[in-house]
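Throughout, read-outs are computed from the coordinates displayed, never taken from laboratory work. In this text, all values refer to a predicted model and were calculated from it rather than measured experimentally. Don't worry about glycine lacking a Cβ; one is built from the backbone with ideal geometry, like all the others, and counts go over all protein chains shown.
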Amino acid sequence: MKIDVLVAEIGSTTTIVNAFNIHNQDPVFLGRGVANTTVDTDVTKGLQQAIEELTRFLDVDSVEYSEMFASSSAAGGLRMTVHGLVYEMTVRASKEAALNAGANIHLVTANKITDRDLSKIIEIDPNIILIAGGTDYGEKETALYNIKRILELDLKIPIIYAGNIENQEEIKVIFKNKEMEKYLKIVENVYPRVDYLNIIPLRKVIYETFEENIIHAKGMNNILDMVNQKIMPTPGSVMESTMILKENLGNIITIDVGGATTDIHSVSIPSDDFLKFQEGEPLSKRTVEGDLGVFINHNNVIELIHKTELINKILITDSEYKDILKDYSYIPKSKMEKDFVFELTKKCAELALDRHVGDLKKVYTSSGLKIIPEGKDLSQVEYIVLTGGALVNLDNTESIILDYIKRNPTKLLPRESVEILRDFDYILSSVGVLSLKYPDIAFTLLKKSLRIE
């Protein structure tokens, strides 16, 4: 069978291959194949197995494709460290851009880097190092110092500079003298002036750098023999889909509860009432909670709920609780298992929203008590999209979000009338990378998955 496009999602646990026919008036999602990710040997083996599973699902003898795109979060995804000048300024801007692009940030430093920081970088073994610092034509020395110290480590990995443009020529000379030019990427300042975040150029370079250095797991370098189109970090792909929905529908939040992490993506303008308090908050924001997941991190989530409370919520005995954990799978089958995963999913979503959404704070001033907003204002959001295996496949997960909104009246959340959409075909992350080449087709596929007429 000839298929227009395959999109592979190579995760830490599973590898998914989604099939699409797009070169007609009505682009369609055909189906998917799923296999275990063979991260310990060669990830292309798991990819081949997922294609074989797709072949069986479609009930055909073989599958041929014209184009294959891919997203990856295997082997920890895109590991980055971020180094800037002032935490609330250049560091924050750099961090927002990296998260926006789908990175997992393992270290953030402000001001001049220390020997201890250098030791941590070696231990982390990042895929990309991001250095910023100074508004344009402002402070210069910190970024130059940090680059020189990091180059002492002699790490053969990409280093992106997104700081004061006055430093660019000197940085090129430093890298040339060290014979490290091929590892340097220079991009526009991510924080060119006070309270202005210039995220988009940096996000694009992070995507490109990830694609050029896709060697994060055994066999990832071989994947280019199969993938002939764009490759990007999976969370970045979800953000791309979220931004397409913002452009076509309106202000939006995407909630992605996964096996290892829970990500919140929001693309929304603030209300007029709170606009003056939103300086420094990006239009598009992603937060990733590495401790919140319903499979790999399920033990951590259980501790956050507390065992006794969890047992009482799902009305099971201590013996039944032990049975669930003994045979725990990321695909629940019985009602008891589904109720268990539902409670884990609820906790993940609630805590992730707590960390993403702004709140109204009481501030005592010389003129008395004032209430001011702090953090991202999402009160103007019109749509919330649910994705990730748990939110998509479990029943009534919309109630998790509506209940959270009702119980948090001071938070800068959407109204209870917000429209909650479910990624029924579970293709949000596939369509995001597809959108880099086919944006209009991507929106059509998203509408179908979200069941939008």
Label-point separation (nm) for residue 393 and residue 56, each offset 7 Å from Cα along Cα-to-Cβ?
1.6
Extended-chain gain in nm, criterion 0.36 nm per residue less alpha-carbon gap, residue 444 and residue 269:
60.6 nm
State the extension gain, in nm to one decimal, for the chain segment bounded by residue 325 and residue 23, taking 0.36 nm per residue of separation less the distance between their alpha-carbons.
104.1 nm
Which parts of region 268-302 would a label at residue 318 reach, counting a residue when its backbone N lies under 19 Å from a point 7 Å out along Cα-to-Cβ?
302
Packing rank of 241-247, 28-34, where each peptide gets the mean count of other beta carbons within 10 Å, highest leading
241-247, 28-34
Determine the relative contact order of the chain: mean sequence separation of Cα pairs under 8 Å and six or more apart, normalised by residue count, in whole percent.
14
Could you tell me how far the Cα centroid of region 428-453 sits from the Cα centroid of region 120-186, in Å?
36
For region 78-212, what relative contact order do you get, as a whole percent, if you take Cα pairs closer than 8 Å and at least 6 residues apart?
28
Could you tell me the relative contact order of region 88-155? Use alpha-carbon pairs under 8 Å, at least six residues apart, and round to a whole percent.
34
Cut-off under 5 Å, modelled amide H: who pairs with residue 292 long-range
262
Quickly rank 198-209, 97-108, 413-424 as a protection proxy: mean count of other C-beta atoms within 10 Å, highest first.
97-108, 198-209, 413-424
Roughly speaking, what is the centre-to-centre gap between region 189-213 and region 269-324 when only Cα atoms are used, to the nearest Å?
29
What FRET efficiency comes out for the pair residue 276/residue 137, r = Cβ-Cβ distance, R0 = 35 Å, nearest 0.05?
0.85
Extension gain from residue 304 to residue 153, taking 0.36 nm per residue of separation minus the Cα-Cα distance
50.5 nm
Per the helix-only calculation at 222 nm, which mean residue ellipticity applies to the chain, given -39500 (n - 2.57) for every DSSP H run of n ≥ 4 and division by its residues, nearest 500 deg cm²/dmol?
-11000 deg cm²/dmol
